[in-house]
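The values are calculated or read from the model by the stated rules, or taken from the named source; none is laboratory data. As the structure is a prediction and not an experimental result, all values here were calculated from the model. Cβ placement follows ideal geometry from the backbone for every residue including glycine, while neighbour counts extend to all protein chains displayed. For the accessible areas, the whole protein counts, side chains as well, though only heavy atoms, and no ligand, DNA or RNA atoms are used. Shrake-Rupley method; radii C 1.70, N 1.55, O 1.52, S 1.80 Å.
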Amino acid sequence: MLIKLFSGDLPRSRVLSALLLLILAGLLLAPFLFSGARPLNTAATICVYIVLVASYDLLLGYTGIVSFAHTMFYGIGAYGIGIALASVDEPTWSVALAGLGLALLLTIVLAFVIGLFALRVRAIFYAMITLAVASSFAVLASQLSDFTGGEDGRTFSVPELLSPGFSLVENEVFGRAIDGKLITYYIVFFGCLLLFLFLLRLVNSPFGRVLQAIRENEFRAEALGYRTVVYRIWANVLAAVVAALAGALMALWLRYVGPKTSLGFEVMTDILLIVVIGGMGTMYGAVVGAALFILAQNYLKALMGQAAGLLSGMPMLAAAVHPDRWMLWLGVLFILSIYFFPIGIVGRLRLRRYLARRSAG
């Protein structure tokens, strides 16, 4: 049953299995393990970024497509549900689903059109086209202030079931009120879990095998009779749809949508960093990479502040770990991860397991 659930793609490493179980348990039980808004917001962000990065890895790691338009589809999903709920006085599920449906329709059309560019251009030229399209969309979203809220974005209300004032039961469960915020978190968690399992199934299907063949040698795949352009377009569309759904879940969690949180190039750079840290061509790399990167983003500064306090007697060391330099140390950690894990953390763990079994055999 477990093998079928994971589409036959098991971690194949005890360390990786333990790490994945720890992340899954932490995300599943986060509302009951931690108090305050920040830990829950961090956990929800990790859930969304796991799916967002995994969908991008479908393009980069499995198909060999370098695209900079992924955040555009992520933003379309967020804006679709955000604008729909902000445009009505009383938010309902039907309005949210209508906005999501229109966003997915626009996503499919744009992803198909962008995918058609693969007929004529390859590699860096295709990447530049996607960057231009994504930049144009971000500028358009910023300028249409009456519709999108411009640079300030738009806040919106959610259906009553998800509102903070809603309470499913009167008594607390394990010290936690079952309110709208908790329900929203588990919608995000289980929604992301289903999307991740879908991507895991996709890359381990015959379709996914063809994508990997295209990545390794496109001309050989064509010689075997596969219409590689069709597969590349399908990969682009499927990755875009999953990214749009991730954006919708993030907007539902934040109750806000704006160009900085949904369309900014910083989001794209974060995706690229996480893919490299976790390991390209491994869906589990998205899980490990997203968890480590988001935790570092949210808590490295606080940890450095505590370290600076402990080292107050040594001014030079205290200045080196001052919280204002947290971005510098985040960059150092990234460089070290690339140096010690050139094929990503998951790739390294799987390789070590393979070499151990080979030497034992």
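The residues of region 136-161 that are open to solvent by less than 60 Å² (accessible area, probe 1.4 Å) and part of a helix (DSSP H, G or I), listed by number, are 137, 138, 141, 142, 148, 150.
Just one of the listed residues (198, 207, 219, 190) is open to solvent by less than 70 Å² (accessible area, probe 1.4 Å) and of a type in the set (Phe, Trp, Tyr), and it is 207.
All of 103, 98 fail the test of being free of Cβ contacts under 8 Å to residues at least 24 places away in the same chain and not in a loop (DSSP other than H, G, I, E, B), apart from 98.
Just so you know, in region 178-187 the residues that are aliphatic (A, V, I, L, M) and open to solvent by 20 Å² or more (accessible area, probe 1.4 Å) include one that is nearest to the chain's Cα centre (by Cα), and it is 187.
Can you find even one residue in region 15-36 that is in a helix (DSSP H, G or I), over 30 Å from residue 175 (Cβ atoms) and hydrophobic (A, V, I, L, M, F, W, C)? Yes. One residue stands out among those in region 320-344 that are closer than 20 Å to residue 61 by Cβ and outside any helix (DSSP H, G or I): the one that is least open to solvent (accessible area, probe 1.4 Å), which is 344. Restricting to region 47-65, give me the number of residues that are in a helix (DSSP H, G or I) and open to solvent by 10 Å² or more (accessible area, probe 1.4 Å). Count: 3. When residue 164 is tested against (1) under 15 Å from residue 72 (Cβ atoms); (2) in contact with an Asp or Glu (Cβ under 9 Å, 6 or more places away or on another chain); (3) open to solvent by 50 Å² or more (accessible area, probe 1.4 Å), only condition (1) is not met.
Checked across region 195-207, the condition of being within 25 Å of residue 67 (Cβ to Cβ), part of a helix (DSSP H, G or I) and more than 21 Å from the chain's Cα centre (by Cα) holds for at least one residue. Scanning region 261-319 for residues that are in a loop (DSSP other than H, G, I, E, B) and open to solvent by 30 Å² or more (accessible area, probe 1.4 Å) yields a count of 5. Mind checking which residues of region 151-177 are free of Cβ contacts under 8 Å to residues at least 24 places away in the same chain, within 27 Å of the chain's Cα centre (by Cα) and farther than 18 Å from residue 88 by Cβ? Residue satisfying the conditions is 164 alone.
Would a scan of region 178-190 turn up a residue that is over 30 Å from residue 91 (Cβ atoms) and not in a helix (DSSP H, G or I)? Scanning region 178-190, I find no residue that is over 30 Å from residue 91 (Cβ atoms) and not in a helix (DSSP H, G or I), so the answer is no.
Between 345, 335, 294, the distinction of being free of Cβ contacts under 8 Å to residues at least 24 places away in the same chain and of a type in the set (Val, Ile, Thr) belongs to 335 only.
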